[in-house]
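The structure appears below as structure tokens.
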Amino acid sequence: MPRLLFKLSPLIYKSRSVRTFSSSTTGPCTPMCMIMSPSPNGNVGEALLFDVDSCELVRSPEKAFPKELYNATLVGTSRGWGMFSNRLDRSAVISDFLNPYASKSEPKVVPLPPFTTMHTYQTEVVCNMAMSSSPEPYDKDWVVGIKFLGKQLSFCRPHLDLRWTNIPTPFESWDTSKLMYSKKDQRFNLLAPGGNYLCSWDHDKKPKFHELVLHNLPSMPREQQQRLDSNCREDHWVESPSGESFLVKWFSEYTPEGCKVPMVMVFREEDTKDGRKNMHYTDDIGDMCIFISKSEDFCVKASSCRGLNPNSIFLNGRLFVSLNMSKFSCRLYEYPEDTPYTIPYSPYWLPPFSSY
């Protein structure tokens, strides 16, 4: 009998069946669960994914199941790699097991140094993980950053460091505040609570601050503005493949009937002067789709994936929806017919994978 090692949540568009992965590329997807089965030659496993291109559940090919993942929970993703934390001894690894094109015989597993806790802080709750690059091809300066709930950030270069470099943030950060890596600036970024400042680190202990100045805000009736101010809000900093930066504000309204259709406001970085980043409101991000979840947020060109509508935001968290800003439409996904039961809340987006 297969055993579900961990399960992940989403509400997903209903599909008729689970298909076996066969194409040479995937669209953005979210992992549902990993399944391990005993085998005479060792345990084998597969990942059950939801492909947003086709709105179908997809099984990855069977592959050797790394022993490091036996009692592990997925606690973060970045660039298609997952960070897994062992529930028994708190050890952590980076693995490409969720990638359908990962080696069938030897999925990659990179061990991380044991977490060390700064005085008065904690390392029990991981908010998210970000990486400077993919672990492959080999890069000795590859950096992994982890943001814990509270004030502690931790960085290490797994190919060089035997321990973490721990850094206190200059503010108490929430679980929705997420670390991300900017390829353009080659720095790790973290939004301060309120979304008015962006802090960045270059694997060092001294943060660099940028004030975010919002321009061209849309006008709205006072009653609507007050209602928006009373909503729950998450602020996300996202960078496109071409290096454009966006600030996304995600508003959620809760009622006795449940969570209402969310609202997002997107601001594009126009320029930076005297430590200030000028952010202009926009409802047109062109051929881009922005994916926001508990993973490191990312952008995908809609034209590079079938089934994606340009100028859209995909949210995986309080709700699992896609928002088309061109058509002013919202699509709420539902559980597929073949989804395993009792899937807990733990949403992540994975970027497109390719066999090339």
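Please verify whether the stretch 152-165 includes one or more residues that are surrounded by fewer than 17 Cβ atoms within 10 Å (Cβ to Cβ) and closer than 30 Å to ASP271 by Cβ.
no
Look through SER230, SER252, SER177 and report the one residue that is of a type outside the set (Lys, Arg), closer than 30 Å to LEU332 by Cα and open to solvent by 30 Å² or more (accessible area, probe 1.4 Å). Before the answer, list the steps.
On the way: SER252 fails: open to solvent by 30 Å² or more (accessible area, probe 1.4 Å); SER177 fails: open to solvent by 30 Å² or more (accessible area, probe 1.4 Å).
Just one listed residue meets the conditions, SER230.
Could you check PRO340 against (1) surrounded by 18 or more Cβ atoms within 10 Å (Cβ to Cβ); (2) farther than 29 Å from ASN216 by Cα and say which number it fails?
Single failed check for PRO340: (1).
Do any strands (runs of 3 or more DSSP E) lying entirely in the stretch 127-246 carry at least 1 residues that are in contact (Cβ under 8 Å) with a residue 60 or more places away in the chain, under 23 Å from ARG79 (Cα atoms) and in contact with a His (Cβ under 6 Å, 6 or more places away or on another chain), and which ones are they?
On the way: elements: 144-148, 150-156, 165-173, 179-182, 187-191, 197-201, 208-215, 232-239.
Those strands (runs of 3 or more DSSP E) span 197-201.
Restricting the search to the stretch 290-340, which residues are more than 20 Å from SER54 (Cβ to Cβ), among the polar types (S, T, N, Q) and under 15 Å from the mean Cα position of the chain (by Cα)?
Passing the criteria: only SER295.
Which condition does MET265 not pass, out of (1) over 23 Å from ASN128 (Cα atoms); (2) among the hydrophobic types (A, V, I, L, M, F, W, C); (3) not in a loop (DSSP other than H, G, I, E, B), if it passes all the others?
(1)
Quick test for you: out of LEU308, LEU319, pick the one residue that is under 30 Å from ILE35 (Cβ atoms), buried (at least 21 other Cβ atoms within 10 Å of the Cβ) and among the aliphatic types (A, V, I, L, M). It would help to see each step written out before you state the result.
Details: LEU319 fails: buried (at least 21 other Cβ atoms within 10 Å of the Cβ).
After ruling out the rest, the residue left standing is LEU308.
Which members of the stretch 268-278 meet the condition of being assigned to a strand (DSSP E or B) and without any contact (Cβ under 8 Å) to a residue 24 or more places away in the chain?
Looking only at the stretch 268-278, we keep the residues that are assigned to a strand (DSSP E or B), and these are 268-273, 276-278.
Matches in the stretch 268-278: ASP271, LYS273.
If MET220 passes every condition in (1) at pLDDT 90 or above; (2) surrounded by fewer than 20 Cβ atoms within 10 Å (Cβ to Cβ) but one, which one does it miss?
(1)
Run down PHE97, PHE84 and say which single residue is in contact (Cβ under 8 Å) with a residue 60 or more places away in the chain, crowded, with 20+ Cβ neighbours inside 10 Å and either in contact with a strand residue (DSSP E or B) (Cβ under 7 Å, 6 or more places away or on another chain) or among the small types (Gly, Ala, Ser) (or both). Even if it seems obvious, please write down each step before you answer.
On the way: PHE84 fails: in contact (Cβ under 8 Å) with a residue 60 or more places away in the chain.
None of the other options fit; the residue is PHE97.
Do the conditions hold for GLU172, that is, is it closer than 30 Å to SER304 by Cβ, among the acidic types (Asp, Glu) and in contact with a Lys or Arg (Cβ under 9 Å, 6 or more places away or on another chain)?
Values: closer than 30 Å to SER304 by Cβ: no; among the acidic types (Asp, Glu): yes; in contact with a Lys or Arg (Cβ under 9 Å, 6 or more places away or on another chain): yes.
The answer is no for GLU172.
Can you find even one residue in the stretch 110-118 that is open to solvent by 30 Å² or more (accessible area, probe 1.4 Å), within 29 Å of SER355 (Cα to Cα), of a type in the set (Phe, Trp, Tyr) and more than 15 Å from the chain's Cα centre (by Cα)?
So in the stretch 110-118, the residues open to solvent by 30 Å² or more (accessible area, probe 1.4 Å) come out as 111, 114-118.
Still in the list and also within 29 Å of SER355 (Cα to Cα): 111.
Narrowing further to those that are of a type in the set (Phe, Trp, Tyr): none.
No, every residue in the stretch 110-118 fails to be open to solvent by 30 Å² or more (accessible area, probe 1.4 Å), within 29 Å of SER355 (Cα to Cα), of a type in the set (Phe, Trp, Tyr) and more than 15 Å from the chain's Cα centre (by Cα).
The values are calculated or read from the model by the stated rules, or taken from the named source; none is laboratory data. Note that the structure is predicted; figures quoted are calculated from it, not measured. Positions of Cβ are backbone-derived with ideal geometry, glycine not excepted, and every protein chain shown enters the neighbour counts. All accessible areas refer to the heavy atoms of the entire protein, side chains included, with ligands and DNA or RNA removed. Shrake-Rupley method; radii C 1.70, N 1.55, O 1.52, S 1.80 Å.
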